[in-house]
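Working notes, structure below.
Throughout, read-outs are computed from the coordinates displayed, never taken from laboratory work. Nothing here was measured: the structure is a model prediction, and the numbers come from that model. Neighbour counts are summed over all protein chains in view; Cβ atoms, including those assigned to glycine, are modelled from backbone coordinates with ideal geometry.
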């Protein structure tokens, strides 16, 4: 029933809207006819006045009596004029016909305002007619005056003017039907000027605006119909349709009710069937989603680790039957964790997606790509006949990282390190092959990253030792097994030791004294490097405090920081706290960072290093020359010391290019007010060349090996007699 009621209401509303549209169209037709009649009648009056002006121009000596006779003829013919006037060229009314009711106009200046004066002057000079628009007449009431110039310019003899009362003009032009059925509003220049039939009861919802095309006049007519005119256009069809549909709806509702009572049980059964079908469809969709999620990584869209391992196991079974080889490649993204920690996890996720897109381009019927998690990807290459095929694939993988990745509007370069295990040589099942590929990956990372390493015999034993060492590392701090050794730095100008570099050693309970190369990579990989770094800073500050008041009290101690430590926002607070607890002046501590760390995330590092500089701690760049060697960061960062990498010092006496590089670095640093240390100095020849190049300090076995703190006083007492080294300045 409600449907029929709504339909009936809608149809009634639609028919009424259609009737409204028809009424509006009829009103537009009426308005158009009215406007055309108005335009035609108005132009007829204009032409009559033009003819009278032409007659006056043709008879320049016409007498007033003749002119009045002529004017009365026009008044008789047209009957709508309030008056016809002759106005001289100075805009003064001289003659008017009829004189009765218009006697006050004689001698009146029709240029009664600036706008009227401008319009009349223009009409006099050009000979074009002028229309006053609706104005208050001198005779009283609202009216309109048409001014037709008698000749133009210097020959002008004034104007013939036709004066109309608006009411008379409207009633003369408009038909009795229009006057009885419509209200007419005249707008002049957008403003209401005159209203005809103001008391007529109207239907304001219907109104039509039409522009009147008349010379020298800007009129718009608003035609509003009377209620009686609108009522005549209405029909009974809206209500008849509404009533018929309501009755039909009542009958249909009764019929539907009867049908519903009969089919109630069938509907219930049908509803139950639909519910069961819906549940089945939902369960099938869930099963499909679970199957997809079980095999696909949600972030990268690649195969996930679980699916990859299942497929790898199946691939190895097939390879065993076909006597074919299979290559498993483990990929680790270099520096990903540093970027992820410093730029945010969203950055890391977006970078992983871009890497996955490039790697996925290598996928085909023989190559499967998967995302293992973290910063690792896995690739399986089937049907390998020759090792060159694997090496070719490795080259393609490296090529995926040749171009920078555009992440968040910035380009970031990243490299990858790979470990490769070949079935059956490196393992006969999926788990062993994966473990050995991971071991090869670790060895590749040890050898410098951005490279690859095939699994070979013997790596397993080394991996076992590495895992045992990693386990021991977790309790080394708690058991106070770390110690610092110190390597002096010799000031060549003063010939004495002014600073030392603190180098960490691990006094392992079973393996003895271990150098940092054997456990620092483990610490970085496990995330313990931050704790170890804080221990080194605190231990160095305590040693400086112990040396106070001794011959070693003037020494400055340099400690090394890793990139992850520099990313720690609490780094400066920790160093400041360590200095305060030890009572050591900040200028006695020096922080060393490798050149590569300096240029990673320059904006953040600049903030950290500026805070350290403000604290008073000295800053030095280690391993300078092997990385970017950019003048920009040397200029922008608050660097106090620059350490030339030992790879240049080692061969500088044999290779001219290395000597040229060291001289250029020293000259560059000095021009920027930065002191220079040469690392790895082991021969007197190297020392002699560095002195000639004006190097500030040297460090290496020629001066002293790294020694425990207890042996450092003896090294200092022994002294550094440069003359005894037979070095010419």
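At-a-glance table
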{"item": "Length gained when the stretch residue 518-residue 655 is fully extended (0.36 nm per residue, less Cα-Cα span)", "result": "46.2 nm"}
{"item": "Sequence of 276, 394, 200 once ranked by neighbouring C-beta atoms within 10 Å, starting from the fewest", "result": "276, 200, 394"}
{"item": "Calculated on alpha-carbon atoms, Rg and Dmax of the stretch 30-94 in Å", "result": "14.3, 48"}
{"item": "Relative contact order (%) - criterion: Cα under 8 Å, at least six apart; region: the chain", "result": "7 percent"}
{"item": "Calculated P(r) of the stretch 470-725 - Cα pairs past 30 Å, %", "result": "27 percent"}
{"item": "Whole-Å semi-axes of the ellipsoid equivalent to the stretch 305-457 (Cα gyration tensor, √5λ, descending)", "result": "28, 15, 14"}
{"item": "Distance (nanometres) between label positions extended 7 Å along Cα→Cβ at residue 44 and residue 99", "result": "3.1 nm"}
{"item": "Cα centroid separation, the stretch 486-563 to the stretch 364-417 (Å)", "result": "39 Å"}
{"item": "Whole-Å semi-axes of the stretch 336-405's equivalent ellipsoid (Cα gyration tensor)", "result": "26, 12, 10"}
{"item": "For Cα Rg over 2.2 N^0.38 Å, calculated from these coordinates, the label among (i) 1.93; (ii) 1.10; (iii) 1.21", "result": "(i)"}
{"item": "Approximate spin-label separation residue 154-residue 400, in nm, with each point projected 7 Å along Cα-to-Cβ", "result": "9.7 nm"}
{"item": "When the convex hull of its Cα atoms is projected in every direction, mean area for the stretch 1-159 (nm²)", "result": "13.7 nm²"}
{"item": "For the stretch 69-146 versus the stretch 192-236, the gap between their alpha-carbon centres in whole angstrom", "result": "29 Å"}
{"item": "Label-point separation in nm, residue 456 to residue 702, each point 7 Å along Cα→Cβ", "result": "3.5 nm"}
{"item": "Chain lengthening between residue 389 and residue 61 when straightened (0.36 nm per residue, less Cα-Cα)", "result": "106.2 nm"}
